[in-house]
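Written out below as structure tokens is the structure these notes cover.
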Amino acid sequence: MTRILGVDPGTVVLGWGVIETDGYVNHLVEFGVVRTVPKVSLSERLHTIYRELTEILHRFRPDAIAVEEVFVGKNPRSALWIGHARAIALLAAAQQEITVAEYSPREVKMSVVGNGSASKNQVEYMVSTILNTCNRIPHDASDALAVALCHAAHCANFRIGNEPHDVGV
């Protein structure tokens, strides 16, 4: 079994979710959110995120971390702030020598829902269905679990021979 921590970065709310997979079946281990106080400085929020992510890494000991890439939409400043939270996740993983994979929001939605433009509700529904849970999963944690599931699917594709390879004559 491979244990994957998915991270949906944010400086106010960061979603996380841990799954285990054998390449065919995925199991929910745990999920949650890291909440920071918006009125405190960015450096204090990043410290909170770092401290909590480090604790999550120690508690769950994932084999890999999958992090959602930043989507630059209408607000470049928001993308920059999310980039700070992503950097903290990458740093925490590097310090623990854990492999990191990064996926665009479109790749994640395509992998989990089959539609790169899926809504948050569609993602949440499919995550709950795939992981066979009837518990309500907050959007941020659901997005993080979707990132972990995307990585699990990506790894499974390579394990079963769908990677590019030379074809013998």
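The table below lists the values:
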item	result
The lone exception for residue 11 - which of (1) surrounded by fewer than 18 Cβ atoms within 10 Å (Cβ to Cβ); (2) assigned to a loop (DSSP other than H, G, I, E, B) it fails	(1)
Some residue of region 129-137 being within 17 Å of residue 7 (Cα to Cα), in contact (Cβ under 8 Å) with a residue 12 or more places away in the chain, surrounded by fewer than 17 Cβ atoms within 10 Å (Cβ to Cβ) and more than 13 Å from the chain's Cα centre (by Cα)	no
Members of region 14-45 that are assigned to a helix (DSSP H, G or I) and buried (at least 18 other Cβ atoms within 10 Å of the Cβ)	45
Index of the failed condition, residue 101 passing every other in (1) assigned to a helix (DSSP H, G or I); (2) farther than 11 Å from residue 11 by Cα; (3) of a type in the set (A, V, I, L, M, F, W, C)	(1)
Looking only at region 69-98, and only at residues there that are at pLDDT 90 or above and assigned to a loop (DSSP other than H, G, I, E, B), the one that is nearest to residue 147 (Cα to Cα)	98
Lone unmet requirement of (1) out of contact with any helix residue (DSSP H, G or I) (no Cβ under 7 Å at 6 or more places or on another chain); (2) assigned to a helix (DSSP H, G or I); (3) over 16 Å from residue 140 (Cβ atoms); (4) at pLDDT 95 or above for residue 62	(2)
Residue 86 being more than 12 Å from the chain's Cα centre (by Cα) and among the basic types (Lys, Arg)	no
Only one of 79, 64 that is closer than 25 Å to residue 98 by Cβ, free of Cβ contacts under 8 Å to residues at least 24 places away in the same chain and surrounded by fewer than 20 Cβ atoms within 10 Å (Cβ to Cβ)	79
Residue match in region 82-89 (condition: within 24 Å of residue 156 (Cβ to Cβ) and in contact (Cβ under 8 Å) with a residue 24 or more places away in the chain)	yes
The one condition in (1) in contact with a strand residue (DSSP E or B) (Cβ under 6 Å, 6 or more places away or on another chain); (2) in a helix (DSSP H, G or I); (3) more than 14 Å from residue 12 (Cα to Cα) that residue 49 fails to fulfil	(3)
Any hit, region 117-126, residues being of a type in the set (Lys, Arg), outside any strand (DSSP E or B) and under 13 Å from the mean Cα position of the chain (by Cα)	no
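The values are calculated or read from the model by the stated rules, or taken from the named source; none is laboratory data. Note that the structure is predicted; figures quoted are calculated from it, not measured. Cβ coordinates were reconstructed from backbone atoms using ideal geometry, including for glycine residues, and neighbour counts include every protein chain displayed.
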